[in-house]
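So the structure is just underneath, and the comments pick up after that.
A short reminder: the numbers here are calculations on the coordinates, not readings from a lab. Remember, it's a predicted structure, so these values are computed and weren't measured experimentally. Quick reminder, even Gly has a Cβ in these numbers, built from the backbone with ideal geometry, and neighbours come from all protein chains shown.
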Amino acid sequence: MKIAIIGAGSGYMPGVIRGLLHRAADLAGAELAFHDPDAGHLATMARLARRMFAARDAAFTVTEHTALKPAVDGAAYVFTTFRPGGMAGRHLDESIPLRHGVVGQETAGPGGFLMALRSVPVLLDVAAAADPDAWIVNYTNPTNIVTDAVARHTGARVIGLCDQFAGDTEMWAGLLGLPAERLEADWIGLNHATWAERVRVDGVQIDLPALLDRLDVPGGGATPWRDPSRMAELAKALGFLPNSYAKYYFFHDDVVRELREKGTTRAEDIQAMLPGYYAQIAAEAERPDPDPSRERGGGEHGEFAVDVICALHRDEHRRMIVNTVNNGAIASLPPDAIVEVPSLVARSGPTPLAMGELPRPVRGLTQAIHAYERLAADAAVTRSRRTALQTLLAHPFVRSKHTAEAILDEGVAAHGIALER
Ligand code: G6P
Ligand code: MN
């Protein structure tokens, strides 16, 4: 069995390697085809992986590829985890909307659309190069739009991932004083726009509105991208749990002000720490039993992806929150929408579980985000300027045609993207 990993030079890779180690017995004998256009980062991660596998007698073979076709040839699973344009591209996505008074974020809003314009063509190439019955397991953002584009515009089998639900569930466990390991929330909606009304401890549903009524809003320590106090405030108003990206919708203008005051983008902050990070990974890869601490994304991120691959491969029918075709699971969204929803993952793919309607206070918002995402996927495939402009006009952050035009024109110029008139 062969698993191709596209973007294997990524800073998130140590966590993926840990995830593979964790399931080494279930994937014994697999070839792991590491692919990355950056030969240096690729070599570092391959070396780290070989060392970590050897230290634990994990039966994997690691091959290295800078060309796509040999990496994906014969692969049953093609795991995509790259960031097109790197941090330099992300910096543009985060800064251009902000100049026009709109939240600048790598996945939410116009920044996410600019990213989709870069991610989608690469994923279409990956889908075309992969074996026809391969599973594309996609982490590349914006994962919802990428998954939609691949699902509707290629014949490939695709499943979209995001581990945000895990971090958010843990954050809510902390806020609500519930045991994180025993807590399960039904996050439903769209990637980075999910909501949870049903929350269980040891399988028993808790009275969330009552718990939220008693919740004290914590103070202090907020950044524009991590702010439990605003999340608590919002949940108390809504009566259910919002995904942490909800702050960009419900505190939009505050976040714009904070991001402007902050001065540097998240991309710039990460870019500044990346050389040191890779140097540390490279040093760790020389040790007999490497333990890459400070890994980006944490072990959870990689473990989740590998667990999804195992669920597909071993026909586990495991309940997991993934991005897949709705098929009526969420009544408030079209049957062919890509939704993020608890699903049973088995060899035949994910089967989304029936979740009913979205909570009414966020139903319209989520439907609007879906309309935007659908347009975004189409624009990224067709490269039509009209569809691209319609995409930004449809986004809840964008409140004027001039703003939409300015962000689009500046964005495509800065990234050197050509759109058809
Ligand atoms: C969360 C999101 C991912 C996103 C990441 C960015 O994990 O779910 O979709 O890529 O945050 O983290 P970073 O450290 O790069 O800002
Ligand atoms: Mn995510």
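Tabulated results
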| read-out | value |
| --- | --- |
| Helix-derived mean residue ellipticity, 222 nm - over the chain, DSSP H n ≥ 4, -39500 (n - 2.57), to 500 | -15500 deg cm²/dmol |
| Footprinting exposure proxy for Arg421, Arg198, Arg99 (fewest neighbouring C-beta atoms within 10 Å first) | Arg421, Arg99, Arg198 |
| Simple spin-label estimate for Ala346 and Arg421 in nanometres, 7 Å along Cα-Cβ | 5.4 nm |
| Overall form of region 125-267 per C-alpha gyration tensor (a/c, 1.5; a/b vs b/c) | oblate |
| Label-point gap, in nm, between Asp254 and Val201 - each point 7 angstrom along Cα→Cβ | 2.7 nm |
| Antiparallel content of DSSP bridges confined to the chain, in %, to 5 | 50 percent |
| Global geometry of region 243-392, whether rounded, prolate or oblate, following the gyration tensor of its Cα atoms and the 1.5 cut on a/c | oblate |
| Of Leu92, Leu21, Leu183, the one that fluctuates the most in a GNM where the chain has Cα springs shorter than 10 Å | Leu183 |
| Net lengthening on full extension, Asp57/Lys401 (0.36 nm per residue, minus Cα-Cα) | 118.0 nm |
| Ordering of 227-237, 154-164 by burial proxy (mean other Cβ atoms within 10 Å per residue, highest first) | 154-164, 227-237 |
| Most to least packed among 208-221, 139-152 [average Cβ atoms within 10 Å] | 139-152, 208-221 |
| Region 331-421 shape via C-alpha gyration tensor axes, a/c threshold 1.5 | oblate |
| Potential lengthening between Glu31 and Ala128 on full extension [0.36 nm per residue; Cα-Cα distance subtracted] | 32.8 nm |
| Debye equation applied to the C-alpha atoms of the chain, log10 I(q)/I(0) at 0.10, 0.13, 0.14 Å⁻¹ | -0.68, -1.20, -1.40 |
| Glu261, Glu64 arranged by Cβ crowding within 10 Å, fewest neighbours leading | Glu261, Glu64 |
| Rg over Rh, two decimals, region 266-311 (C-alpha only, Kirkwood Rh) | 1.08 |
| Mean Cβ count within 10 Å, highest first, over the residues of peptides 115-124, 242-251 | 115-124, 242-251 |
| Exposure proxy order (Cβ contacts within 10 Å, fewest to most) of Arg51, Arg386 | Arg386, Arg51 |
| Label zone at Lys236 (point 7 Å along Cα-to-Cβ), backbone N below 12 Å, region 200-225 | 212-219 |
| Hz values of 3J(HN,Hα) by residue in region 37-48 - Karplus curve (6.51, -1.76, 1.60), Gly and Pro given as x | x, 8, 5, x, 5, 4, 5, 4, 6, 5, 5, 4 |
| FRET E, pair Lys69, Thr382, Förster distance 25 Å, beta-carbon r, rounded to 0.05 | 0.50 |
| Extension reserve of the Glu300-Trp225 stretch, reckoned as 0.36 nm per residue once the Cα distance is removed | 25.1 nm |
